[in-house]
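Structure record follows, encoded as structure tokens.
The values are calculated or read from the model by the stated rules, or taken from the named source; none is laboratory data. Computed from a predicted structure; not experimentally measured. Here the Cβ is made from the backbone with ideal geometry for all residues, glycine too, and neighbour counts use every protein chain on show. Accessible surface areas use protein heavy atoms only, side chains included; no ligands, DNA or RNA. Shrake-Rupley method; radii C 1.70, N 1.55, O 1.52, S 1.80 Å.
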Amino acid sequence: MPRPRELPDRARVVVIGGGVGGASIAYHLAQLGERDVIVVDRDELTSGSTFHSAGLVGQLRSSVSLTTMMMYSVELYRSLDCGWVECGGIRLACTPEREQEVHRQVAWARTFGLPLETISAGEAREKFPLMVEDDVRVASYLPTDGYLDPSQLTYALAEGAREGGVQIFTHTRVTGIDVGPDGRVCCVRTQWGDVECERVVIAGGMYAAELGRLAGVRIPIVPMAHEYLVTQPFRDRTDGAWHLPTLRDPDNLIYFREEGAGLVMGGYERACAPWALDDNLVDAIPPDFNGRLLEEDWPRFEEIAVASKARVPAMEDVKVTKLINGPEAFTPDNEFCLGETAVGGLFVAAGFCAHGLAGAGGIGKVMAEWIVAGEPQMDLWRMDIRRFGPQYRSPSYTLKRTKEVYETYYDIHYPNEERQAGRPLKVSSNYAWHQEHGAAFGEKSGWERVNWYESNAAGEGADPDLRPRGWAGHHWSPAIGAEHRACRERAALFDESSFSKMEVSGPGAALFLESLCDNHVAREVGRITYTQMLNARGGIECDFTVTRVAQDVFQIVTGTAFGQHDRAWIAKHAPRDGSVTITDTTSRWACFALWGPRAHDVLAPLTPDPLDFPYMSTREIVVGDVPVRALRVTFVGEYGWELYAPTEYGAALWRALWESGEPHGLVAGGYRAIDSLRLEKGYRVWGADITPDQTPYEAGLGFCVRRGAEDVAFLGQDALDAESERKLVCLVLDDPRSVCLGNEPVALDGAVIGRVTSGGYGYTLNASIAYAYVPAAHSTPDTRVDVDVFGTWVGARIAREPLYDPESARVKGLQTGVPTTPTIR
């Protein structure tokens, strides 16, 4: 029985969890000058998942922010006494598709200055002599990757935290987390007493979900049994203290690193093993599961063991010291779960998905900054706990999605790939019609959404010869081009019911929104405003339209995947006096977009109401038998409306529009056509072209920023500088079939100056279009640059934008029947 701990009565910050995540957060809080911090752990430091981590550290990841965090981790580990071994890392490619992935990763690494290089199979074997190279086509090598001892790292971070004034209490089990009447965390209860506090960080690893429940918060993680083995020494190292690089062979699901003169070998099997779930699929980890492993599971590991012998024949004869089988917390999308929860002041840092050692340094840094500043200091949306919608309150849905990401961990995930687990879940009122007409569905935030209709693949405007080369040709159909052209030349109908919608209302709504939006949104009733909300750094935190539907009622429409984020951001800043109410209205409204030069011909016969209201305004009308709120907006650069009707009227509204439109050549379209159309018009997408790390001026959205001295000051205003050092530019590539997917490096005179944010093919312009941030000094139109598309440098020019209809005559004018010829730059 451990001796009682003498805890302080209060602390500004309480970190729950003494693994590598909690230790790193405490260390970085101390580095920022936070002294009133305590760490509590139910057992000893590292006794959860940390102690049995395999310890590999790879830096290049799938997002800018995560890669930046990993690179910082390596910088930190070099400075600590933590057993860091910078041995380099090799990644093999055994298929043509994996070879393309390697070329893409090497290009991506250039944008960070990472020295990732392509090497031959023979060169890979020279660096890792135990491997056979028979089926290896190519490999990549990053000399700054490596590995370390997880316990050494944790204790080094903990020591640094103590030196900064942090107190650490082991054998201190948390029994409760209190939330005050204001919705903020206020106290942590432990077996040795209570600690009043202002901030709590749940860094409890696989125990995080259980800890979250103490405060009424759902943290969607699943403990997964992950296995690797450790061999006895068998390598001859008498010629010197040389190190093997880490080796990943994703086509065979395996990884290796050295362990003295032996090896560590593990992988990600296709038949995963969730652990410690009760009959309701809720995690139920035994209270005494501390510093322990699970029983060896050789049958489940057999697939990995067989693959390892094929790659490293010595594995056939080596003696195994131990098969490590330890639970690791995975999230439903294989990204970290970080940030402030719905309970004010209650933070989480969990769900490290077996790469927490690689990310621990960066996790600690960004979390400490977030806690101190009150908002993240870089774009962390892909890791933000707010990304998980209400469907993740379901343990069964969470489990389905988590199993899928574990079992496909090493798969090539092509852009536009659609996940399959847990579908269908949320569907629009017109779902059955879409199915009957050949819809190819995608999924976003649980919604089934039409990507395209395969029935259009043989229709007017469909051209199979336009399939892009390489990865861009995956998950593609000629129907995308047919739907794009129909929208430009006739009319197209899109189901946008999945778009997130919210209502901000109350006597304080107008003033409140003015204080958050960079544009003037409290206009007269019936006006629509395109605006951003900014963070304290001036970065774009939200990007949406605001419609004033009544004196004290505003409708906000944002992207399907961003509703959780945007509502949380707005709610965080809302006054607490009851003057503002924020309501999620997504499920209340069906939304269909009717766009194109013949849109008026389709809609006019269905309504007795005049359609003469101008662009960026709204009117309540009737369409057939359906009451409709019509918004004169567009995201494709064509005349038309977004038509909102109560959900129960959705099917009838679609049916009326479809029947009216057939004589005019109306085509039903999907989101892939919308993306192509918006690229030509230069409309930005939040999360790609614009993020919390870019300002409106950098993004080319300076026209949204109000400057009147009489205006209400808005959040982020003081951080803005109209003379930005970098700018988002439009690129037109010389080769139309070399299509960018995002993250490709952009070079000027051989030097990398930026990376692509988004790209695609414009079917009206017959061009490959991309957007990228480059230094303002090099943003002049007609500047020649090069873009690395899968290892080939393709010439491009910086173009004036928008490329399509720069005067927006198509958007603003009333066109009835004959499409006008657009101006194209």
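Within segment 205-215, the set of residues being open to solvent by 10 Å² or more (accessible area, probe 1.4 Å) and in contact with a strand residue (DSSP E or B) (Cβ under 7 Å, 6 or more places away or on another chain) comprises 205, 210, 211, 214, 215. As a summary of the residue check, residue 530 satisfies the conditions (1) open to solvent by less than 30 Å² (accessible area, probe 1.4 Å); (2) within 27 Å of the chain's Cα centre (by Cα) except for the one numbered (1).
Matching residues to (1) open to solvent by less than 10 Å² (accessible area, probe 1.4 Å); (2) touching a residue at least 24 places away in the same chain (Cβ under 8 Å); (3) at negative phi:
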site	(1), (2), (3)
594	yes, yes, yes
597	yes, yes, yes
601	no, yes, yes
609	no, no, yes
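Taking segment 254-304 as the range and being out of contact with any Ser or Thr (no Cβ under 6 Å at 6 or more places or on another chain), β-branched (Val, Ile, Thr) and under 27 Å from residue 128 (Cβ atoms) as the test, the residues that pass are 264, 304.
Within segment 545-603, being within 22 Å of the chain's Cα centre (by Cα), more than 17 Å from residue 513 (Cβ to Cβ) and of a type in the set (Gly, Ala, Ser) holds for 559, 561.
Would you point out which residue out of 190, 144, 172 is over 28 Å from residue 243 (Cα atoms), surrounded by fewer than 22 Cβ atoms within 10 Å (Cβ to Cβ) and hydroxyl-bearing (Ser, Thr, Tyr)? Result: 190 is the single residue among 190, 144, 172 that is over 28 Å from residue 243 (Cα atoms), surrounded by fewer than 22 Cβ atoms within 10 Å (Cβ to Cβ) and hydroxyl-bearing (Ser, Thr, Tyr).
Applying a threshold of 8 Å to beta carbon distances and a minimum spacing of six or more residues, or different chains, the list of pairs starting in segment 180-201 at a residue that is farther than 18 Å from residue 18 by Cα and among the aliphatic types (A, V, I, L, M) and ending at one that is open to solvent by 30 Å² or more (accessible area, probe 1.4 Å) and not in a loop (DSSP other than H, G, I, E, B) reads 185/178; 185/179; 185/198; 185/199. Scanning segment 393-403 for residues being closer than 14 Å to residue 330 by Cβ and either open to solvent by 40 Å² or more (accessible area, probe 1.4 Å) or under 16 Å from the mean Cα position of the chain (by Cα) (or both) gives a total of 4. The one condition from (1) touching a residue at least 60 places away in the same chain (Cβ under 8 Å); (2) within 23 Å of residue 6 (Cα to Cα); (3) out of contact with any helix residue (DSSP H, G or I) (no Cβ under 6 Å at 6 or more places or on another chain) that residue 158 does not meet is (3). Just need a number here: residues in segment 622-650 that are open to solvent by 10 Å² or more (accessible area, probe 1.4 Å), hydrophobic (A, V, I, L, M, F, W, C) and more than 32 Å from the chain's Cα centre (by Cα). Of the residues in that region, 1 qualify.
Among 638, 620, which is the only one that is part of a loop (DSSP other than H, G, I, E, B) and closer than 25 Å to residue 526 by Cα? Break it down into steps so the answer makes sense when it comes.
On the way: 620 fails: part of a loop (DSSP other than H, G, I, E, B).
That would be 638, the only listed residue that is part of a loop (DSSP other than H, G, I, E, B) and closer than 25 Å to residue 526 by Cα.
Given the options 346, 357, name the one that is of a type in the set (A, V, I, L, M, F, W, C) and touching a Lys or Arg at 6+ places or on another chain (Cβ under 9 Å). If you could, list the steps in order and put the result at the bottom.
Working: 357 fails: touching a Lys or Arg at 6+ places or on another chain (Cβ under 9 Å).
Answer to the selection: 346.
Is it the case, given these coordinates, that residue 713 is touching a Ser or Thr at 6+ places or on another chain (Cβ under 8 Å), touching a residue at least 40 places away in the same chain (Cβ under 8 Å) and either part of a loop (DSSP other than H, G, I, E, B) or over 23 Å from residue 441 (Cβ atoms) (or both)? Answer is yes for this residue.
Each row is one residue, and each column tells you yes or no for (1) among the aromatic types (Phe, Trp, Tyr); (2) open to solvent by less than 50 Å² (accessible area, probe 1.4 Å); (3) modelled with pLDDT of 95 or more.
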| position | (1), (2), (3) |
| --- | --- |
| 243 | no, no, no |
| 247 | no, yes, yes |
| 253 | no, yes, yes |
| 260 | no, yes, no |
| 263 | no, yes, yes |
| 270 | no, no, no |
| 276 | no, yes, yes |
| 286 | no, yes, yes |
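More than 25 Å from residue 679 (Cα to Cα), among the hydroxyl-bearing types (Ser, Thr, Tyr) and either without any contact (Cβ under 8 Å) to a residue 40 or more places away in the chain or open to solvent by less than 50 Å² (accessible area, probe 1.4 Å) (or both) - does that describe any residue in segment 576-584? The answer is yes; a qualifying residue exists.
Within segment 214-232, is there a residue that is basic (Lys, Arg), within 30 Å of residue 181 (Cα to Cα) and part of a helix (DSSP H, G or I)?
Step one: filter segment 214-232 for residues basic (Lys, Arg), giving 218.
Right, trim to within 30 Å of residue 181 (Cα to Cα) and you get 218.
Cutting the leftovers down to part of a helix (DSSP H, G or I) gives us none.
No, because not a single residue in segment 214-232 is basic (Lys, Arg), within 30 Å of residue 181 (Cα to Cα) and part of a helix (DSSP H, G or I).
For every residue, the table says whether it meets (1) open to solvent by 50 Å² or more (accessible area, probe 1.4 Å); (2) modelled with pLDDT under 95; (3) more than 30 Å from residue 514 (Cα to Cα).
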| residue | (1), (2), (3) |
| --- | --- |
| 688 | no, no, no |
| 699 | no, no, no |
| 707 | yes, yes, no |
| 744 | no, no, yes |
| 757 | no, no, no |
| 764 | no, no, yes |
| 769 | no, no, yes |
| 779 | no, no, yes |
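Of all residues in segment 453-512, those that are open to solvent by 30 Å² or more (accessible area, probe 1.4 Å), assigned to a strand (DSSP E or B) and farther than 26 Å from residue 528 by Cβ total 0.
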